[in-house]
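Asks: Sharing a structure below in structure tokens format, with a few things to ask.
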Amino acid sequence: MADRPVPVVEKRLMDVKLGELGTWMGGRDFTPNGLLSSVRRGYERYYNKYINVKKGGIGGLAMLLAGYITLSYVWEYNHIKHDRWRKYH
Amino acid sequence: MTMNLFNQFLSPTFLGLPLIAIALMAPCLLYPSPAPGWQSNRWTTLQNWFIGSFIKQTLSPINTKGHSWALLLATLMVFLITLNTLGLLPYTFTPTTQLSLNMAFAVPLWLATVIMGFRNSPTHALGHLLPEGTPTPLVPILIIIESISLLIRPLALGVRLTANLTAGHLLIQLVSSAAFSLLLSQTTAASLAVGLLLLLTILEVAVAMIQAYVFVLLLSLYLQENV
């Protein structure tokens, strides 16, 4: 199927070919406003897919909490690594 | 092993950034704002129901002038409950175990109720310092005692929250490390410890919610006296 030619910068990340990645990154908006708007877009995508639905379940919240737990683990790793029982495993 | 017990309460930093700021922002992400449509999703409905019933119950003994505190009390309650319960997840950091944070909540809010009381009706506010029907010789001592109890309220509010949460987290860590180390050698003792751990976790979930509630309840009480 022949797609309409779209400029590289406007493609979604999953559609960008590996070779075009540099061009794509160079063309994105990295100003503070741009970063904030991308965060907001990501949040609304997640919200509208998992939480703002008619019969939302625990999955939407559970994924958020699981992400929070892994993030906390990554942050606390430097503290926690001293709690090992053996120094060399 | 004993030295490490309080390590969980150290304010975490990552590449020099204080993570307590991010831990404090976590509750904001979990509560969606209502959509403009006439029917909201399940989470928003649940949230609305909870806040509505809580505010109705908390503000019913307070007269109409004090109802301007509704937003503040609701926010405080939701924030504290979320911080406390999120802290029960593994590896997370509970900002409410830091005394500085709890005092930062308690002192300004308590002081606001006292100042409001003294500005609006100073005689009435001063009258709270002497309970009705005290015999005359006891009056000076009782006024001193009541003033001390008034001044100790912010301290009590802050320290109560800190101490309850810190003690709970410490107990969980102690019992779980005991259960883990006993697991291979004395399995029965370890299973008892695991049972204790289960009960403790249930208690901690309850305490997390109750402590937030108590904080806001007492604050509303102080408001009721002074508004």
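Asks: Using mean Cβ contacts within 10 Å as the protection proxy, how do A:74-81, B:184-191 order, highest first? If you can, show how the numbers build up before the last one.
Replies: Numbers: A:74-81: 14.0, B:184-191: 11.2.
Result, highest mean first: A:74-81, B:184-191.
Asks: Still on this structure, please answer the following. With every protein chain left in place, what is the accessible area of B:M103 in Å² (1.4 Å probe, nearest 10)?
Replies: The accessible area comes out at roughly 40 Å².
Asks: A follow-up question, please. Under a point spin-label approximation (7 Å from Cα along Cα-to-Cβ), what is the B:L218-B:T75 distance to one decimal in nm?
Replies: Distance between label points: 2.2 nm.
Asks: Another question, then. May I ask you to derive the FRET efficiency for A:R40 and B:L151 from their Cβ-Cβ distance with R0 = 51 Å, giving the value to the nearest 0.05?
Replies: Approximately 0.65, to the nearest 0.05.
Asks: Let me ask you something else. Skip the ligands, DNA and RNA, and give the accessible area per residue of the range B:42-226 with a 1.4 Å probe, whole Å².
Replies: Solvent-accessible surface per residue comes out at 53 Å².
Asks: Percent of accessible area on the range B:142-227 owned by carbon and sulfur, 1.4 Å probe? Walk me through the numbers on the way to the answer.
Replies: Details: 3570 of 4470 Å².
Exposed carbon and sulfur together represent 80 percent of the surface.
Asks: Further, regarding this structure: Hey, can you list the DSSP H helices of chain B whose Cα span along the axis is 27 Å or longer and whose average Kyte-Doolittle score is at least 0.5?
Replies: Taking the DSSP H segments of chain B (at least 27 Å long, mean hydropathy at least 0.5), we get B:99-120, B:153-182, B:187-226.
Asks: Taking a probe of 1.4 Å and counting only protein heavy atoms, give the total accessible area buried between chains B and A in Å², rounded to the nearest 100.
Replies: That pair hides around 2300 Å² of surface in total.
Asks: Now for a separate question. Which value, in nm² and rounded to one decimal, describes the direction-averaged projected area of the C-alpha convex hull of chain B?
Replies: Working: hull surface 75.3 nm².
Mean orientational projected area (chain B, Cα hull): 18.8 nm².
Asks: A further question follows. Check B:T13: other-chain or 5+ apart residues with amide H under 5 Å from its amide H, H built from backbone geometry?
Replies: B:L19
Asks: When the solvent-accessible surface of protein heavy atoms is calculated with a 1.4 angstrom probe, in what order do B:T58, B:T85 fall, highest first?
Replies: Per-residue accessible area, sorted high to low, gives B:T85, B:T58.
Asks: With a point put 7 Å past each Cα toward its Cβ, work out how far B:L10 is from B:W49 in nm, to one decimal.
Replies: Once both label points are built, they end up 4.4 nm from each other.
Asks: Of all trypsin sites (Lys or Arg not before Pro) in the range A:23-55, which ones are in loop regions per DSSP and have a Cβ with at most 10 other Cβ atoms within 10 Å?
Replies: On the way: sites: A:R28, A:R40, A:R41, A:R45, A:K49, A:K54, A:K55; in loops: A:R28, A:K54, A:K55.
In loop regions of the range A:23-55 (DSSP not H, G, I, E or B), the sparsely surrounded trypsin sites (Lys or Arg not before Pro) are A:K54, A:K55.
Asks: Using the beta-carbon distance between B:H67 and B:L99 and R0 = 25 Å, what value does 1/(1 + (r/R0)^6) give for FRET efficiency, to the nearest 0.05?
Replies: Once the sixth-power term is evaluated, E becomes 0.20.
Asks: Also, I was wondering about something else. If you find the alpha carbon centre of the range B:108-155 and of the range A:61-89, how far apart are they in angstrom?
Replies: The distance from the Cα centre of the range B:108-155 to that of the range A:61-89 comes to 48 Å.
Asks: Report, to the nearest whole %, how much of the accessible area of the range B:44-123 belongs to carbon and sulfur atoms, 1.4 Å probe, protein only.
Replies: Accessible surface attributable to carbon and sulfur in the range B:44-123 totals 70 percent.
Asks: Rounded to the nearest 10 Å², what accessible area does A:E20 have for a 1.4 Å probe in the complete protein model?
Replies: We get 50 Å² for A:E20.
Asks: Find the relative contact order for the range B:42-226 and round it to a whole percent, using C-alpha pairs within less than 8 Å whose residues are 6+ positions apart.
Replies: 33 percent
Asks: Given a 1.4 Å probe, show me the residues in the range B:31-65 buried by at least 30 Å² of accessible surface when comparing the whole protein assembly to the chain alone.
Replies: Hits at the 30 Å² cut-off: B:P32, B:N41, B:R42, B:W43.
Asks: Another one. Between B:L30 and A:V9, how high is the FRET efficiency from 1/(1 + (r/R0)^6) when r is the Cβ-Cβ distance and R₀ = 35 Å? Nearest 0.05.
Replies: Between B:L30 and A:V9 the formula returns 0.55.
Asks: Need one number: nm distance between label points at B:R160 and B:A112, each 7 Å from Cα along Cα→Cβ, rounded to one decimal.
Replies: 1.8 nm
The values are calculated or read from the model by the stated rules, or taken from the named source; none is laboratory data. Since the model is a prediction, treat every value here as computed from it, not as a measurement. Every residue, glycine among them, receives a Cβ derived from its backbone with ideal geometry; neighbour counts consider all protein chains shown. Accessible surface is based on the protein model in full, side chains and every heavy atom, while ligands, DNA and RNA are left aside. Shrake-Rupley method; radii C 1.70, N 1.55, O 1.52, S 1.80 Å.
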